[in-house]
Amino acid sequence: MRKLTYFIACSIDGFIGDPGGDASSMYPFVDEEFLAFLKAEYPETIYTQGRRAMGIDDLPNQRFDTVIQGRGSYGIALKEGITSPYAHLREYVASGTLRESPDPNVEIIADDLIGKVRELKAEDGTFGIYLCGGARIAGALLDEIDELVIKTYPIVYGSGMPMFEAGAGLTEFTLESVRTFGNGVLVRTYSRKR
């Protein structure tokens, strides 16, 4: 069974963006040390255009071969004219409004998101599935999430977009590891307590 991993950036107070969903205030914390960590441990989570700009497009995947993101997350790339932000992965976008994919590498999941995720998890393979966000899709898939990798940036929003949409039920996870960086960023890894 393949794992579904919610790999997400958030503030100290648990928001993945400001009230409008903007997370650009977290970008300055992606310094040389933190970027070296991402390249070594999670290179497939760096969007394709970023990988190309850094000259790491040929780095092999370490953990994931598939990405699932919500319409809001995908919309950020679309606004920039990017139709396949993770071309190095199989891409799925959960959307009730986007009926037709603008790119042959991107499959739209319009119905039965949970069924599709279960189907992907049941596939053979050693690589997992990267849940890219955001709050609504994470809340809908909470019962399917096997692992959380939370990149906590040393900022406080006060209010904003939570990691999980309101209404997500109580779910226990076990802390597996914590990694600290000189810029104040923490990366915590949790596994679902079953």
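There is no residue in segment 119-134 that is within 19 Å of G75 (Cα to Cα), at pLDDT 95 or above, surrounded by fewer than 21 Cβ atoms within 10 Å (Cβ to Cβ) and of a type in the set (D, E). Show the residue pairs meeting these rules: Cβ distance below 6 Å; 6+ apart or different chains; first residue within segment 39-68 and among the polar types (S, T, N, Q); second residue in a strand (DSSP E or B). Pairs found: T45/F7; T66/R90; T66/I129.
Per the listing L98, L78, the residue uniquely farther than 18 Å from G128 by Cβ, of a type in the set (A, V, I, L, M, F, W, C), touching a residue at least 24 places away in the same chain (Cβ under 8 Å) and in a loop (DSSP other than H, G, I, E, B) is L98. Against the criterion of being over 22 Å from V178 (Cβ atoms) and at pLDDT 95 or above, G81 qualifies. Checking the stated criteria, E33 turns out to be surrounded by fewer than 20 Cβ atoms within 10 Å (Cβ to Cβ) and either closer than 19 Å to G70 by Cα or out of contact with any strand residue (DSSP E or B) (no Cβ under 9 Å at 6 or more places or on another chain) (or both).
Taken over segment 143-185, the criterion of being free of Cβ contacts under 8 Å to residues at least 24 places away in the same chain and either outside any strand (DSSP E or B) or surrounded by 13 or more Cβ atoms within 10 Å (Cβ to Cβ) (or both) is satisfied by L170, E172.
The values are calculated or read from the model by the stated rules, or taken from the named source; none is laboratory data. No experiment lies behind these values; they were computed from the predicted model shown. Glycine gets a Cβ as well: all are built from the backbone with ideal geometry, and neighbour counts include every protein chain shown.
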